[in-house]
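The values are calculated or read from the model by the stated rules, or taken from the named source; none is laboratory data. Since this is a predicted model, take the numbers as computed values, not measurements. Glycine also receives a Cβ, built like all others from the backbone with ideal geometry; neighbour counts cover every protein chain displayed. Calculation scope for accessible area: heavy atoms of the full protein, side chains included, ligands and nucleic acids excluded. Shrake-Rupley method; radii C 1.70, N 1.55, O 1.52, S 1.80 Å.
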Amino acid sequence: MSTTRSADRAAGTGRPGTRTLELPVEGMTCAGCAANVERALRDVPGVESATVNFAAGEASVEGAADPKALVEAVERAGYGVQEREIELAVEGMHCASCVARVESELAAVPGVTGAAVNLAGESALVRVIPGTVRARDLVEAVRRAGYDASPVTGAGREEAARREERAREERRLGRRFWVAAALTAPLVVFEMIPHLLSPLGLHLGWPMLDPWIQLGLATPVVLYSGQRFFRGAWNGLRHRVADMNTLIATGTGTAYAYSAVATVAPGLFLAAGIRPTVYFEAAATIVTLILLGTWLEQRARGRTGEAIRALLDLQPGTARILRQGRELEVDVEEIEAGDQVVVRPGERIPVDGRVLEGRTTIDESMLTGESMPVEKAPGDGVVGGTMNRAGRIVFGAEKVGAETALAQIVRLVRDAQASKAPVQRLADTVAAYFVPIVIAIAIATFVVWFVAGPAPSLTYAVVTAVAVLIIACPCALGLATPTAVMVGTGRGAEMGILIKDAESLQKAHELDTVVLDKTGTVTRGEPAVTDVLPAASVDEAELLALAAAVERGSEHPIGEAIVRAAERRGAGGPAAADFEALAGQGVRGYVAGAEVVIGSRRLLAGRGIDLPELRGESVEAVVGRLADAGKTPVLVARERILLGAIAVADTVQEGSAEAVAALRARGLDVIMMTGDDPRTAEAIAREVGIDHVLAEVLPDQKQERVRALQEQGRAVAMVGDGVNDAPALVQADIGIAIGTGTDVAIESADITLVRADLRGVVQAISLSRKTMRTIRQNLFWAFVYNVLGIPIAAGVLYPWTGLLMAPWVGALAMVLSDIFVMGNSLRLRTVGLAGARTA
């Protein structure tokens, strides 16, 4: 699946040539790195906006910039862009000139950085900039050269490549850490244990390692294992920026260089009256601890994207299609709309479509959360990623590639994970100035201790300055928000909660009012006829037939229920002429030349239709009795004469009462809004436990009602079906589209719930609250850790306690802060329905 969200976006800016690219950036180690990359990308001509997610290791760039220029900008900033490899099977090559021709055509494709063609293996391995080239573009290039080709990569190959690259980076970090740990261990044992035991009154006459041996042990640790920090600091220096690498390289480099000079040329110190002291164990321990933290952080960061990987793994890499009566196995990316796809029992559906042949049951739990398999027959829709449990089927592909429900879900999750929450702006602002300020504090600390500190002042000055540099790392600050957002949105996707962006995730925790649309939200949205009450001179079949004739032109659930009831009783007939829907009130049409009006008592009275008694009761009493029973009554009149009433009831969704109770328990005011008669609405509200009802609200009035609540100072969530409720969803602080099934791309909604279950609203709000609580905890720890740690490292406690922080203690504290932030964020992976109830 390509990382390009849209080659030429139809939505959003809508400008031709404008697209959004996601570039996997390598080499970032803190929030400062992300800020550097953002600045470099924004300077590229054609870039409209650029955001970098440090936790995800990705840059999202919108505009019409040349992809190669973007990569060059990232590299000039001192970082790298991970390339993607696409493998092709090439047919028809015979000699070296064939190879050269194919390579030349492939290299000419925009976005290709290299191509290697293997004649013997009849294959080509093409390196491309992620998000700029599709496999079919390369196939066309090979065909232009006069040969044939097909991709040998499956869906999710790109994600697999990223996963493998992360695994390689983990292995590299692990290898360097174990080298550092093995060489640092003797330094710690022989140098630090006596210092740890002496406060306890234990003096064991522990032998000290010769400084030259310490130099030999520490040098590989600092220069090999710590190479990444020095390389990163040098890149930053060349580009006049500072980040975490600058602090670590300066701190460990200072301790190592000071100790090396003291070992190689001790006379320089003795001439100045200073007894030379070495800090090899501090430099080596710092590198080892920070490598350990980086290694663990890399592993944890890999786990933040598990939700997307799990989704991508749902789509098979290959599929079988029918062409000219033969079954052919093709890469899933090569399936086109209209292809006939064959799926056997135990296989996953590759793309979205509609069954043409066969019957089966399909497990759709990945989409709906329902564990019970769904029966499928010709004409039924199937969704890519779901599991075929029983029979063999053939279906026609309708939505392929980026149009499938699974691809839309992945896109929504990726977009959300790449976005920045408003709360992150504070962290970004602080991170931008953090490193220069820390370097200034370290210099000031060195000067103060060197000028006013006790003898040997140089030693104290070096130790305190190094401690300040090491303990003050912006890593935790940079990871605090994006890791929580990534895990929170990913966990939401696993629960069927698709969150549009990080801002929506943040705003949802501030809600105090939830407005629920009734039909299809609180209720099932599939009403059925419960009562047919004809006038004295009309029979039930005639009344139903007339009503059904007019309602055939309606798409309203009430009209559909009347049509279904008429067909079941054999009272079906042709549709009425000149059909007209009267928004929020009813419908009208002509049957056999006579006007038939169906709707509320208010509609009929407004059109001057007499409303005499019906079966010995006033129309008002009949309507009231039916409404009190939770039914929706509609009146039927022909040629201004009342023919009777039909009652329709919509049953309450399973879980609606539980969801309302859970929302109220969380301090939220729950309001139901509907176009129904007040009595009907009140009956449904009583059944689910809602106290506040807005009834007889026309579709175009819903937005106004939401705005009125906001003008009262409320933070409002509007929950609806995402279609006729679109204006209200947009107006609300948070719009929640519920029960959208496979149509997950609801532009008007901030949160989309795949399942038609109100308990998903509770989960979404609880997930938001839990995520924001986690972000606040992360930011609090990151800020407080630095606010307290830097002064202590600078030695503010020394005048009263005589204690100074050893640099390795600062390194350990820094590592622990990073691990805390990552671990705290990863706890969100356990949030579920049970967790939501207690959130």
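Data overview
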read-out: Residue in the range 22-43 that is over 30 Å from Ser825 (Cβ atoms) and not aromatic (Phe, Trp, Tyr) present; value: yes
read-out: Strands (runs of 3 or more DSSP E) within the range 323-362 that include 3 or more residues without any contact (Cβ under 8 Å) to a residue 40 or more places away in the chain and either of a type in the set (A, V, I, L, M, F, W, C) or open to solvent by 60 Å² or more (accessible area, probe 1.4 Å) (or both); value: 326-331
read-out: Residue match in the range 420-427 (condition: over 30 Å from Val382 (Cβ atoms), part of a loop (DSSP other than H, G, I, E, B) and modelled with pLDDT of 75 or more); value: yes
read-out: Condition met for Tyr433 (open to solvent by 50 Å² or more (accessible area, probe 1.4 Å), aromatic (Phe, Trp, Tyr), in contact (Cβ under 8 Å) with a residue 40 or more places away in the chain and more than 30 Å from Val342 (Cα to Cα)); value: no
read-out: Cβ pairs under 6 Å, 6+ apart, first in the range 155-179 and closer than 21 Å to Thr285 by Cβ, second of a type in the set (S, T, N, Q) and modelled with pLDDT of 80 or more; value: Arg176/Ser225; Val179/Ser225
read-out: Elements of type strands (runs of 3 or more DSSP E) in the range 543-609, at least 1 residues being crowded, with 19+ Cβ neighbours inside 10 Å, touching a helix residue (DSSP H, G or I) at 6+ places or on another chain (Cβ under 7 Å) and without any contact (Cβ under 8 Å) to a residue 60 or more places away in the chain; value: 586-591, 594-599
read-out: Looking only at the range 696-711, and only at residues there that are hydrophobic (A, V, I, L, M, F, W, C) and more than 20 Å from Arg664 (Cβ to Cβ), the one that is surrounded by the most Cβ atoms within 10 Å (Cβ to Cβ); value: Val697
read-out: The range 449-464, subset of a type in the set (Val, Ile, Thr) and either touching a residue at least 40 places away in the same chain (Cβ under 8 Å) or under 20 Å from Ala233 (Cα atoms) (or both), residue surrounded by the fewest Cβ atoms within 10 Å (Cβ to Cβ); value: Thr459
read-out: Any helices (runs of 4 or more DSSP H) falling wholly within the range 752-839 and containing at least 2 residues that are at pLDDT 80 or above and of a type in the set (Lys, Arg); value: 759-794
read-out: Single residue of Gln340, Gln315 found to be at pLDDT 80 or above, farther than 30 Å from Val74 by Cα and of a type outside the set (Phe, Trp, Tyr); value: Gln340
read-out: Positions within the range 1-49 being surrounded by fewer than 16 Cβ atoms within 10 Å (Cβ to Cβ), in a loop (DSSP other than H, G, I, E, B) and modelled with pLDDT of 85 or more, in sequence order; value: Asp43, Pro45, Gly46
read-out: Residues located in the range 521-542, provided they are open to solvent by 20 Å² or more (accessible area, probe 1.4 Å) and outside any loop (DSSP other than H, G, I, E, B); value: Ala528, Val529, Thr530, Asp531, Leu533, Glu540, Ala541, Glu542
read-out: One residue from Phe450, Phe434 being at pLDDT 80 or above, over 30 Å from Glu364 (Cα atoms) and in a helix (DSSP H, G or I); value: Phe450
read-out: Search result, residues across the range 611-660 that are part of a helix (DSSP H, G or I) and surrounded by 15 or more Cβ atoms within 10 Å (Cβ to Cβ); value: Val619, Val622, Val623, Gly624, Arg625, Leu626, Ala627, Ser656, Ala657, Glu658, Ala659, Val660
read-out: Residue in the range 367-374 that is modelled with pLDDT of 80 or more and not in a loop (DSSP other than H, G, I, E, B) present; value: yes
read-out: Which listed residue is modelled with pLDDT under 75 and either of a type in the set (Ser, Thr, Tyr) or open to solvent by less than 20 Å² (accessible area, probe 1.4 Å) (or both), from Ser150, Ser198; value: Ser198
read-out: The listed residue being at pLDDT 90 or above and surrounded by fewer than 23 Cβ atoms within 10 Å (Cβ to Cβ), out of Asp677, Asp669; value: Asp669
read-out: Selected residue (only one of Ala484, Ala442, Ala467, Ala493 is modelled with pLDDT of 80 or more, in a helix (DSSP H, G or I), under 30 Å from Thr360 (Cβ atoms) and open to solvent by less than 30 Å² (accessible area, probe 1.4 Å)); value: Ala493
read-out: Scope the range 616-664; condition of a type in the set (Ser, Thr, Tyr), more than 20 Å from His556 (Cβ to Cβ) and in contact (Cβ under 8 Å) with a residue 60 or more places away in the chain; matching residues; value: Ser656
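Each row is one residue, and each column tells you yes or no for (1) buried (at least 16 other Cβ atoms within 10 Å of the Cβ); (2) modelled with pLDDT under 80.
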| position | (1), (2) |
| --- | --- |
| Asp137 | yes, no |
| Gly146 | no, yes |
| Phe177 | yes, no |
| Ala182 | no, no |
